[in-house]
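The values are calculated or read from the model by the stated rules, or taken from the named source; none is laboratory data. Source: prediction; values computed, not measured. Cβ placement follows ideal geometry from the backbone for every residue including glycine, while neighbour counts extend to all protein chains displayed.
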Amino acid sequence: MNGQKEDVRLLLVDTPETKHPSKPVEPFGPEASEFVKDKLSGEEVRIVPGVEKYDKYDRLLAYVFINGETIQEKLLKMV
């Protein structure tokens, strides 16, 4: 974002755990991660930060738009 790398936590999505150091990978976590990577890789996105900008892990809390629709909406349609 603005030429800087930013870790983003998608607002409104309780994602399955995939990278926690002491917890196992949860069901559908790898599939959800792959879906988001496939949809966003190489695309120009619009980021809209939430009211609270960062979580305790210093990830930007945001809505991520691609082609006028949030990636959150695209994830819901996947279900």
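Structure summary
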quantity: Pairs where the first residue, in segment 56-68, is within 15 Å of R9 (Cβ to Cβ) and the second is of a type in the set (D, E, K, R) and assigned to a loop (DSSP other than H, G, I, E, B), C-beta under 6 Å, 6+ apart; calculated: R59/D7; L60/E6; L61/D55
quantity: Residues (more than 28 Å from V51 (Cα to Cα) and either at pLDDT below 85 or not in a loop (DSSP other than H, G, I, E, B) (or both)) located in segment 11-35; calculated: P30, E31
quantity: Subset of segment 36-50 that is in contact with a strand residue (DSSP E or B) (Cβ under 6 Å, 6 or more places away or on another chain) and in a loop (DSSP other than H, G, I, E, B) - its residue that is nearest to G68 (Cα to Cα); calculated: V45
quantity: Residue within segment 19-40 that is under 19 Å from M1 (Cβ atoms), surrounded by 11 or more Cβ atoms within 10 Å (Cβ to Cβ) and not β-branched (V, I, T) present; calculated: yes
quantity: Restricting segment 1-10 to residues that are assigned to a loop (DSSP other than H, G, I, E, B) and in contact with a strand residue (DSSP E or B) (Cβ under 9 Å, 6 or more places away or on another chain), the residue that is farthest from Y57 (Cα to Cα); calculated: M1
